[in-house]
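The structure appears below as structure tokens.
The values are calculated or read from the model by the stated rules, or taken from the named source; none is laboratory data. These numbers were taken from a predicted model, which means no experiment stands behind them. Cβ coordinates were reconstructed from backbone atoms using ideal geometry, including for glycine residues, and neighbour counts include every protein chain displayed.
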């Protein structure tokens, strides 16, 4: 794969962060002799993301609570992104993904019914449970874990580092892993029969020497739509600069903010300590001209700035707070604040995250602080800078962070939105062709070993900062997938010739950059986590010695259907009996 050169800014930042990390005195790691030899578990899961939680729950259910399951979480908080601002569920067809995810959705809705009443605005704003507040997601996910507390042990502040020596193997099996207890600075070892990597970063697969992908494939690698270097109008065609060449870039990260303008619950953002006005000045011209990245701006932008005291009128332009962030309403006068796809400058911070997937945690923590400072600075600039037109400052005035979220963290999310980390090289590599119908077909290909149905666009955020003369950020693309697709078991199975026989990876799944861009949505990750838990649980039921490759996928599928998963989407399945639903799915899987 070709590698692009770093800009001077990126090189400076990388050298600074590496030098900073090296200069720090590494903590003296003490060995707790009581755990040096390890605790024994049937299944060890790294990452209390929703995918990790659903893996633990499904494994407990399929083993009837007899399996000993360990769920490790680096932070003090479970729940990953839904518990940290991602409250607007990314799914194109409600019901395309079911199982534990749909159970989660139902519990979210029931929470709002129980607290506010069936006909309440909160229930309406929950969009049948698909939209929720971070603290409600936390409550619901914790409820799942509470129900399986007899078999699932959750340990927080446990950091796994992606080093080979921390995943010890014998005869093609990972036997034990080492984690750092961040509270005591002591190392702990945990033995397991099966290991599941449910982290956004894919650290466990790396330590287990399972191959993985980074960066973007070229257009010819898998003959994919949107692959490689692409400059594209939002909602329109490709533009100048597009080459479809592969490189080593990954899509941008941001924070999903819980935003409100409710005077009773808003925390107005102060000037951050490391504020750098120069990062945001290009926003002024965008505001004055109304220019944006949408197809509606074609032929109208770039343009000369007019009177800064007069609001422009460019078709499709995002106005007010929507120029800074894309908002989706969630209950209680809050919004999920994401990057604005029509803006050249928003809450994403491209380029600076390229090292993140394989960097040590010290570097990642520095990046998280940098991203936080950048994000807070963006809002402070827009609301307070005197060169920002007064009419715009008036429009964004009064917006801030919800004071009843993340109260221990000054109302700011604790988790970076890691959209793309390592992507495992699995038995099957999911590409855009698996999510799109082939020529003449009425639906995407149906995989006989499907472990879930899912549905979202092929959706990647930008990989580079704004560049002069380009209509959008490089790599910021979204292609609608017309119908739900199936996801094969092979995407969570490591490449067999890697020789690791007891690891599953439902979050850092096997896919191309573009293929992964649709699998990376939390509903799909939850479903894949559920499938990984079922697979590991069945192997435990079989004695706990077999390889993940020896497991008959039909057994996994049968149990997933038993747990109300949808493996092939059948329109109207919600109104069918369980027997009819399963019969229709088996017919499609076997056709």
**OP:** Could you tell me whether region 170-191 includes any residue that is in the same structural domain as residue 529 (by TED's automatic domain parsing), assigned to a loop (DSSP other than H, G, I, E, B) and under 21 Å from residue 252 (Cβ atoms)?
**Re:** no
Original post:
What about residue 28, is it part of a loop (DSSP other than H, G, I, E, B) and at pLDDT below 95?
Top reply: yes
Original post:
Only one residue in 220, 199 is closer than 28 Å to residue 474 by Cβ, touching a residue at least 40 places away in the same chain (Cβ under 8 Å) and not assigned by TED's automatic domain parsing to the domain that holds residue 341. Which one?
Top reply: 199
Subject >> Top-ranked residue in region 66-80 [being within 19 Å of the chain's Cα centre (by Cα) and buried (at least 24 other Cβ atoms within 10 Å of the Cβ); ranked as nearest to residue 416 (Cα to Cα)] >> reply: 80
**OP:** Could you run through region 234-277 and say how many residues are surrounded by fewer than 22 Cβ atoms within 10 Å (Cβ to Cβ), within 22 Å of residue 480 (Cβ to Cβ) and under 24 Å from the mean Cα position of the chain (by Cα)?
**Re:** 2
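Here is a yes/no grid of residues against (1) out of contact with any strand residue (DSSP E or B) (no Cβ under 7 Å at 6 or more places or on another chain); (2) surrounded by fewer than 22 Cβ atoms within 10 Å (Cβ to Cβ); (3) touching a residue at least 24 places away in the same chain (Cβ under 8 Å):
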site	(1), (2), (3)
435	no, no, yes
439	yes, yes, no
442	yes, yes, yes
464	yes, yes, yes
470	yes, yes, yes
473	yes, no, yes
Original post:
If the Cβ limit is 6 Å and pairs must be 6+ apart or interchain, which residue in region 338-360 that is free of Cβ contacts under 8 Å to residues at least 24 places away in the same chain pairs with which residue that is assigned to a loop (DSSP other than H, G, I, E, B)?
Top reply: 340/318; 340/325; 340/346
Original post:
For residue 209, all conditions in the list (1) part of a loop (DSSP other than H, G, I, E, B); (2) closer than 26 Å to residue 79 by Cβ hold save one; what is the number of the exception?
Top reply: (2)
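Here is a yes/no grid of residues against (1) at pLDDT 95 or above; (2) over 23 Å from residue 90 (Cβ atoms); (3) in contact with a strand residue (DSSP E or B) (Cβ under 7 Å, 6 or more places away or on another chain):
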| site | (1), (2), (3) |
| --- | --- |
| 449 | yes, yes, yes |
| 480 | yes, no, no |
| 486 | yes, no, yes |
| 502 | yes, yes, yes |
| 505 | yes, no, yes |
| 529 | yes, no, no |
**OP:** Filter region 124-163 for residues that are over 25 Å from the mean Cα position of the chain (by Cα) and without any contact (Cβ under 8 Å) to a residue 60 or more places away in the chain and give the result.
**Re:** 124, 149
Subject >> Scan of region 158-178 for residues that are buried (at least 16 other Cβ atoms within 10 Å of the Cβ) and out of contact with any helix residue (DSSP H, G or I) (no Cβ under 8 Å at 6 or more places or on another chain), ordered by number >> reply: 158, 168, 169, 173, 174, 175, 176
Subject >> Residues of region 233-282 satisfying the condition of being free of Cβ contacts under 8 Å to residues at least 40 places away in the same chain and either at positive phi or assigned to a loop (DSSP other than H, G, I, E, B) (or both) >> reply: 242, 243, 244, 264
